[in-house]
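> Dumping the structure here so I can ask a few things about it.
The values are calculated or read from the model by the stated rules, or taken from the named source; none is laboratory data. Since this is a predicted model, take the numbers as computed values, not measurements. For neighbour counting, all protein chains shown are included, and Cβ atoms are generated from backbone atoms with ideal geometry for every residue, glycine included. SASA here: full protein model, heavy atoms, side chains in, ligands and nucleic acids out. Shrake-Rupley method; radii C 1.70, N 1.55, O 1.52, S 1.80 Å.
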Amino acid sequence: MGSEVRQPILLRQLRTALSHLYSLHNVSNANNQHEAHNYLIEFQSRNIRRKVTSLHQRKRDSQTELSAYLEPTAETNGSSFLASLPFLLFTTSSHETERLFCAQTILHRIRRMKTSEAVDIEIEWFESPHMNVNALAEVISLSPLQSAEQNVFSYWVEFVKFHGESISAFHVNLLGRVLQDYFHEFSKWNGSGTSATTITSFADLEEKIKGEFTLLILAVAAYLNASAHASYSVIHRGQNDSLHHLVPLLDTLSSAMAVASLKLRYTTSSLAVEEASSDIPIVKMVLQAFQKVYDAASSQSCSDLLQGTISHDELTSHTLREQNHNIHQMALSQCICVALASIPDALLGSPGGARGRLSTDPKCIVAANSELRCDNTGIGLVKDAIAFLMDSSNLDVQRYVRQQMLLVSERWARFVPLPLEYVHYTISTSMPYAGDGFNHFDHALCAYLIQIYEGASMTIDHLMASAAGITAEANSSGHQMGKKKQSSKSKKRHKEKLEGVLNGDDAKRQEAESETFYRGRVACHAAIWTWEFMYLHVTNDLEIMAKHPQQCVDGEGPVGCICYCVAACIPHFFSHGPISAEDESDSIKLFGFLTEAMQKVCSSQNRSVRALVYENLDAVHLAIVEEATSANLSEIQMMAVQFICKCLSILSERCKYPDGYFVDLSRNNDEGVEIERNDIRDLVRSVCALDLKAPQSMQISMIIIDQTLQYCISGAFDDDKKHSIPSETY
């Protein structure tokens with residue numbers, strides 16, 4: 001399938017606007033940047049298809065004869081979707097900034113519009129009597145009962161053939177083969193794999209066709225860009241710094257694929273009859289798209305796929321031919337790993353940045369949330385895909401996939417509870433490769449663990465809201481520039497919806513309670529499995545920070561990871577008891593490890609290190625108060641109270657004024673010391689507060705107050721301990 005390349009109508013204007021806005025291709029006219037910016041905003045959001053639909057609706061509603069024909073003008077002629085493809089498919093020379101903008105344009109349109117409106121390919125063909133937007137709108141307006149089924153289906157076969165051939169011209173060798181295979185499949189399609197109750201109109205059929213088109217086209221674009229990067233790395237022997245450009249591009253394309261898959265999988269009409277529109281899960285749709293592209297690409301050489309992107313001499317080099325198979329493996333691995341990481345955030349994450357709000361039925365998002373949480377349609381498919389890449393790749397690709405596995409898992413852990421078996425698989429696969437030095441792989445493992453611990457610290461209300469597809473966006477105090485401010489009515493609706501979820505179904509609350517327990521259990525096991533690794537790096541970090549007391553610590557590093565772990569695991573012991581009924585010693589052992597490590601953090605000479613513990617100590621205290629059901633504390637609760645007291649005493653020692661601070665009055669105040677003292681004072685007030693309505697809270701507070709007073713008394717009157725409290729107190 002292929003034809004002569006026809007330049008999209010809007011391509012020239014798009015390139016000119018991008019050149020002026022980003023000063024590309026030796027264009028640096030600042031006077032035109034504002035005009036270029038306005039054009040590009042209009043380019044991304046224009047929706048000519050909706051105008052045509054509106055014209056037909058007005059004609060149907062009118063008592064008089066109205067024309068529903070849309071005339072081609074400078075404003076209506078040309079497809080935004082098609083104009084973006086030559087940059088992404090290397091049909092024309094392009095800069096990485098141009099490619100990223102085009103990917104963001106497609107993502108923005110897929111998120112904000114119906115797929116039939118976002119993929120506006122028919123707007124390009126006003127001169128075609130049967131394939132232009134007016135002819136398509138006429139077909140869509142018919143009901144299935146108004147025309148013979150076979151005749152209408154032949155129109156859609158011709159639609160796929162016509163537009164498939166025109167788009168294939170952008171990259172005949174790969175995109176042409178992929179779309180040709182799709183055309184043959186569609187010609188034989190009889191509705192299998194699709195719920196018979198969900199394709200009830202020609203509009204539904206158009207959504208299906210364009211959604212499947214989009215998946216394949218974007219998969220080809222991602223694969224070509226990954227192949228080009230892998231080829232450059234082979235030619236220049238790994239000296240390729242363009243990965244930081246490639247990953248955002250692949251992430252944007254993959255996010256658009258995820259949203260397109262969501263709209264294929266779930267529709268309002270399908271959920272009305274409690275069915276999915278497609279039998280294929282979202283994750284599998286994305287994986288199948290890349291597999292089809294790989295099948296078409298792997299039999300070809302890099303010189304066939306990357307003509308025009310790399311010089312002829314480099315494409316025909318012996319090294320590149322030798323590494324052809326490895327390049328295809330790396331390209332597939334990069335595409336799949338980035339795509340797997342992007343899916344949960346693209347579907348369940350809050351809007352922001354280059355992407356707008358996901359415009360679809362909220363019930364579809366809730367259904368997608370449930371699907372991603374299910375092992376056989378969500379995280380289980382992720383594990384199978386990673387295992388496949390690990391087993392079928394060479395050592396270099398395996399090393400890449402191993403690190404990407406941690407990044408994928410970290411992104412999924414933000415939104416869904418990971419099964420214990422999956423966490424064990426990822427950690428056991430990673431631990432043999434964790435090094436003594438804190439490298440990129442170790443940082444990825446640490447970020448993964450932090451996300452597990454943060455998930456275990458989520459409240460029941462938070463989990464219920466998340467499962468219902470409600471974000472905290474309406475409650476955020478900040479306002480993003482360039483984004484429409486949320487109205488009071490919108491905030492009120494958000495609040496009412498949230499209250500309805502939290503005060504509604506008891507079964508949902510029970511599910512959230514079970515999830516809280518499960519997340520905590522997984523976090524405790526993850527802490528035990530990685531303790532030696534984490535303790536080694538925490539110790540090393542503390543030694544380094546002690547030598548640089550003014551340096552700011554990485555809150556997402558080993559020290560921060562331990563603090564998150566404390567806030568997740570210790571409250572879990574109070575709420576749910578030992579990690580496992582078979583071996584209570586694991587819980588006691590982990591409790592001892594965590595309290596010892598936290599006291600070391602509190603003892604650090606570095607102020608930014610000590611600051612990491614405040615919030616987590618408060619979380620431990622709150623957990624004791626909430627779970628203490630009587631005046632008699634359990635052994636582990638009493639140990640935790642003693643732990644808090646010890647940490648408070650250590651922190652108070654570390655925040656003393658420097659020697660001679662009040663002697664030389666000409667010296668400026670040390671703002672860092674004053675801020676730290678205020679923070680610790682607030683922490684002490686919090687854990688010592690007397691709540692008359694909660695007797696167990698009063699008892700815990702009295703124990704802490706008593707311990708604090710004993711510490712102060714011994715420091716004031718015991719000569720051996722006078723140095724332990726600040727000199728200004730005695």
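> Assuming R0 = 25 Å, can you tell me the calculated FRET efficiency for the pair MET390 and ASN439, based on Cβ-Cβ distance, to the nearest 0.05?
My answer for the efficiency is 0.80.
> Moving on to the next point. Determine the order of TYR223, TYR22, TYR535 by accessible area, beginning with the largest, at a probe radius of 1.4 Å.
TYR22, TYR535, TYR223
> Oh, and also: Relative contact order of region 209-306: what whole-number percent is it, with Cα pairs under 8 angstrom and at least 6 residues apart?
Across region 209-306, relative contact order equals 38 percent.
> Could I ask something else about it? Once you put a point 7 Å from the Cα of ARG12 and another 7 Å from the Cα of VAL673, both along the Cβ direction, what distance in nm separates them?
For the pair ARG12/VAL673, the computed spacing is 7.2 nm.
> If you take the charge dipole of the chain about its Cα centre, with +1 on Lys and Arg Cβ and -1 on Asp and Glu Cβ, which of VAL641, SER154, GLN707 is farthest toward its positive end?
The residue sitting farthest along the positive end of the dipole is SER154.
> Relative to the first principal axis of the alpha-carbon coordinates of the chain, what is the inclination of helix 488-502, with its axis defined by its Cα atoms, in degrees from 0 to 90 and to the nearest 10?
Once rounded, the angle reads 70 degrees.
> Let me ask something else about it. For the chain, which whole percent of the accessible surface, found with a 1.4 angstrom probe, sits on carbon and sulfur atoms? Write down the numbers at each step before the final one.
On the way: 17710 of 34300 Å².
Solvent-exposed carbon and sulfur of the chain make up 52 percent of the total.
> Relative contact order for the chain: what is it in percent, counting Cα pairs under 8 Å that are at least 6 residues apart?
Reported as a whole number, the value is 9 percent.
> OK, next. Would you be so kind as to identify which of ALA103, PHE126, SER141 lies farthest towards the positive end of the dipole of region 90-142, taking Lys and Arg as +1 and Asp and Glu as -1 on Cβ and the Cα centre as origin?
ALA103
> Using 7 Å Cα-to-Cβ label points, what is the ASP279/GLU556 separation (nm, one decimal)?
4.2
> Could you tell me how far the Cα centroid of region 378-409 sits from the Cα centroid of region 599-660, in Å?
After rounding, the separation between the Cα centres reads 40 Å.
> Only helical DSSP H runs with n ≥ 4 go in: add -39500 (n - 2.57) per run for the chain, normalise by residue count and round the 222 nm mean residue ellipticity to 500 deg cm²/dmol. Could the numbers behind the result be given before it?
On the way: 33 runs with 477 residues, N = 730.
Result for the chain, helices only: -21000 deg cm²/dmol.
> Helix 243-265 versus the longest principal axis of the chain: what is the Cα-based angle in degrees, 0 to 90, to the nearest 10?
Value to nearest ten degrees: 70.
> Taking R0 as 41 Å, what's the FRET efficiency between SER634 and GLN288 from their Cβ-Cβ distance, rounded to 0.05?
The formula returns an efficiency of 0.20 here.
> Another one. Rounded if a/c is under 1.5, else prolate if a/b beats b/c, else oblate: with a ≥ b ≥ c from the C-alpha gyration tensor eigenvalues square-rooted, which is region 555-625?
Cα axes put region 555-625 in the prolate bin.
> Report relative contact order for region 539-631 in percent, whole number only (criteria: Cα-Cα under 8 Å, sequence separation at least 6). Write down the numbers at each step before the final one.
Values: 77 pairs, mean separation 38.4, N = 93.
Rounded, it is 41 percent for region 539-631.
> Taking only protein heavy atoms and a 1.4 Å probe, what accessible area per residue, in Å², does the chain have with all protein chains in place?
Ligands and nucleic acids excluded, the figure is 47 Å² per residue.
> Which Cα, out of CYS446, ASN394, GLY176, lies furthest along the positive dipole direction of the chain (beta carbon charges, K/R +1, D/E -1)?
The residue sitting most towards the positive pole is GLY176.
> Moving to a separate point now. Could you give the dipole magnitude of the chain about its Cα centre, charging the beta-carbon of Lys and Arg +1 and that of Asp and Glu -1, in debye to the nearest 20?
1860
> Given that just one value was derived from the coordinates, which of (i) 332; (ii) 219; (iii) 229 is volume of the Cα convex hull per residue in Å³?
Working out volume of the Cα convex hull per residue in Å³ from the coordinates points to (ii).
> Calculate the FRET efficiency for ARG399 and SER301 from the Cβ-Cβ distance with a Förster distance of 25 Å, rounded to the nearest 0.05.
0.50
> Quick one: helix 695-717 against the long Cα principal axis of the chain, what's the angle to the nearest 10°, folded into 0 to 90?
60
> If you average the C-alpha positions of region 488-562 and of region 60-114 separately, how far apart do those two centres end up, in angstrom?
So the two Cα centres are separated by 42 Å.
> Stretched out fully, how many nm does the piece from GLU653 to ALA272 gain, at 0.36 nm a residue minus the Cα gap?
Extra length available between GLU653 and ALA272 comes to 130.8 nm.
> OK, next. Separation between the SER93 and HIS130 pseudo-spin-labels, each 7 Å from Cα along Cα→Cβ, expressed in nm?
Label-label distance for SER93 and HIS130, simple model: 4.0 nm.
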